Amino acid sequence: MIHPHILLDPVFRACVKAAAANIELVAQFDRLRKTNLSLSGKPLDLAIDQASGRLDADISAFIEFVHDTVYERLDPDALAALRREVHEC
């Protein structure tokens, strides 16, 4: 589980945003984890996923994936550069 303070980190949020914008990454995450973050399918199926909480669970799983495989593995110099970049915006 991700500590709540990580969710407030602008660099982590930038990592999640960049990962979510990577269509291929999301498609492969969906394929491997049997999720549907790509929102493919019929509108009724998507509405059921939303109403059942499945979409929220899929999003949480993706955020944890980004934390474990991207954010936690960033080189310290890259992390520092991202922090400078985020703070300049």
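The values are calculated or read from the model by the stated rules, or taken from the named source; none is laboratory data. Predicted, not measured: the structure shown is a model, and the values here were computed from it. Methodologically, a virtual Cβ is constructed for each residue, glycine included, from the backbone with ideal geometry; neighbour enumeration extends over all protein chains shown.
So the values come out like this:
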item	result
Given (1) more than 23 Å from Glu85 (Cβ to Cβ); (2) touching a helix residue (DSSP H, G or I) at 6+ places or on another chain (Cβ under 9 Å), number of the condition Ala51 does not satisfy	(2)
Residues of the range 5-27 satisfying the condition of being farther than 20 Å from Leu74 by Cβ and surrounded by 10 or more Cβ atoms within 10 Å (Cβ to Cβ)	Ala27
Residue that is surrounded by the most Cβ atoms within 10 Å (Cβ to Cβ), among those in the range 37-89 that are among the hydrophobic types (A, V, I, L, M, F, W, C) and in a loop (DSSP other than H, G, I, E, B)	Leu37
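Residues checked against (1) polar (S, T, N, Q); (2) touching a helix residue (DSSP H, G or I) at 6+ places or on another chain (Cβ under 6 Å); (3) at pLDDT 95 or above:
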site: His5; (1), (2), (3): no, no, no
site: Ala19; (1), (2), (3): no, yes, yes
site: Lys34; (1), (2), (3): no, no, yes
site: Gly41; (1), (2), (3): no, no, no
site: Glu64; (1), (2), (3): no, no, yes
site: His67; (1), (2), (3): no, no, yes
site: Leu74; (1), (2), (3): no, no, no
site: Ala80; (1), (2), (3): no, no, no
site: His87; (1), (2), (3): no, no, no
